[in-house]
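Engineer: One structure follows; several queries about it will come next.
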Amino acid sequence: MKRFFSILFFIFVLFALTGCGNEVFNEAMKKGKLALADRNYVEASNSFELALEEKDDNEAQILYEQTSIMVKAENFLKEKKFDEVINLLKKVQSMKNGSSMVKKDAKEREQSTIQHKELLVKFEQDLAKTQGYITNRSFPEAEAALATLQQETSTNELLKGESAKVATLAENLKSEKAKVAEEQRIVEENRKAEEQTKAEEAKKVAEAAEAVKPKTITKEQAIQNVKRYAEVPDNPNVFVEYEYQLENGDYVIHVYEVVIDVPATGEGHTATWGWYGVNKDSGIVYDALF
């Protein structure tokens, strides 16, 4: 009799535990499917994993595999590992049984991932092209391309995370323009310094040429030289006058005296003292023979 009651008690406990396990399983499956409806694959995966801990179930297993792969795909997408994401999403679509809703979502995500990948590939190409403009100092083209990139990163949700790269390009453009401005300033300073040096050298050459250049005396200087040479007295009736220049440029000076023959009338004649030549360069006086 005691043995009978022992077996009966064991069966009761077994049924109680089984019922409790089924309750946990069912609750976990319910939460998992609700999370699926919200595309919350992390919570769904955790719920299906809990269900499997309570009961080995084919539906729970396939749903756990689907949601786990979707979670991995989401994590790879954050790292922009597009090829890995696409492969995982294809794997979900090819799985037998499972949730058709998850498969549909996987297909939609695959298409959007491909578009995201292509968008980023083009974006990176545009970044490189813009940097090329900056490097080549094609500033109008660089500014136009940069404006387009800034517009894209501010309006396209898929590119908003790339704004730091655009900001770096903007700094590169600013820095390169500053370099060009500084180079132009140095070139201009060098040009001015070179012009000044040339002007100073030209001045020195001119001054040197002027120093060795024979100085031409004036007519007045020639007259004064003749007065000293001929020892012309301070006499109001004696005149020293410039007459003309010879072909070689020498001055011809005439020295003569006015002689009054009739004081009452002031009539008289001129008496030449001499004709003198004066070298235009040296000022030397010599007798001019005519």
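The values are calculated or read from the model by the stated rules, or taken from the named source; none is laboratory data. Just so it is clear, the structure is predicted and the values come from calculations on it, not from any experiment. Cβ sites come from the backbone with ideal geometry, for glycine too, and all protein chains shown count toward neighbours.
Engineer: Provide a single number: the residues in region 77-86 that are surrounded by fewer than 18 Cβ atoms within 10 Å (Cβ to Cβ) and in a helix (DSSP H, G or I).
Structural biologist: Matching residues across region 77-86 total 4.
Engineer: If you check Glu53 against the conditions, is it surrounded by 16 or more Cβ atoms within 10 Å (Cβ to Cβ), more than 22 Å from Leu158 (Cβ to Cβ) and acidic (Asp, Glu)?
Structural biologist: no
Engineer: Yes or no: region 231-242 includes at least one residue that is surrounded by fewer than 10 Cβ atoms within 10 Å (Cβ to Cβ) and either of a type in the set (A, V, I, L, M, F, W, C) or in contact with a helix residue (DSSP H, G or I) (Cβ under 7 Å, 6 or more places away or on another chain) (or both).
Structural biologist: Within region 231-242, not a single residue is surrounded by fewer than 10 Cβ atoms within 10 Å (Cβ to Cβ) and either of a type in the set (A, V, I, L, M, F, W, C) or in contact with a helix residue (DSSP H, G or I) (Cβ under 7 Å, 6 or more places away or on another chain) (or both).
Engineer: Residues of region 87-105 being in a helix (DSSP H, G or I) and in contact (Cβ under 8 Å) with a residue 40 or more places away in the chain, which ones?
Structural biologist: Of everything in region 87-105, those that are in a helix (DSSP H, G or I) and in contact (Cβ under 8 Å) with a residue 40 or more places away in the chain turn out to be Met101, Val102, Asp105.
Engineer: Find all pairs meeting these conditions: Cβ atoms under 7 angstrom apart; at least six residues apart or on different chains; first residue within region 21-38 and aromatic (Phe, Trp, Tyr); second residue surrounded by 13 or more Cβ atoms within 10 Å (Cβ to Cβ).
Structural biologist: Matching pairs, first to second residue: Phe25/Ala51; Phe25/Glu54; Phe25/Lys55.
Engineer: Now for a separate question. Is it true that some residue in region 272-286 is part of a strand (DSSP E or B), acidic (Asp, Glu) and either within 13 Å of Ile223 (Cα to Cα) or out of contact with any helix residue (DSSP H, G or I) (no Cβ under 6 Å at 6 or more places or on another chain) (or both)?
Structural biologist: Going through region 272-286, the residues part of a strand (DSSP E or B) turn out to be 272-278, 285-286.
Retained after the next criterion (residues that are acidic (Asp, Glu)): none.
So far as region 272-286 goes, no, none of its residues is part of a strand (DSSP E or B), acidic (Asp, Glu) and either within 13 Å of Ile223 (Cα to Cα) or out of contact with any helix residue (DSSP H, G or I) (no Cβ under 6 Å at 6 or more places or on another chain) (or both).
Engineer: Continuing with the same structure: When you look at Ala73, is it of a type in the set (Gly, Ala, Ser), at pLDDT 95 or above, assigned by TED's automatic domain parsing to the domain that holds Asn26 and in contact with a Phe, Trp or Tyr (Cβ under 9 Å, 6 or more places away or on another chain), yes or no?
Structural biologist: Yes; evaluated as a whole, the condition is true for this residue.
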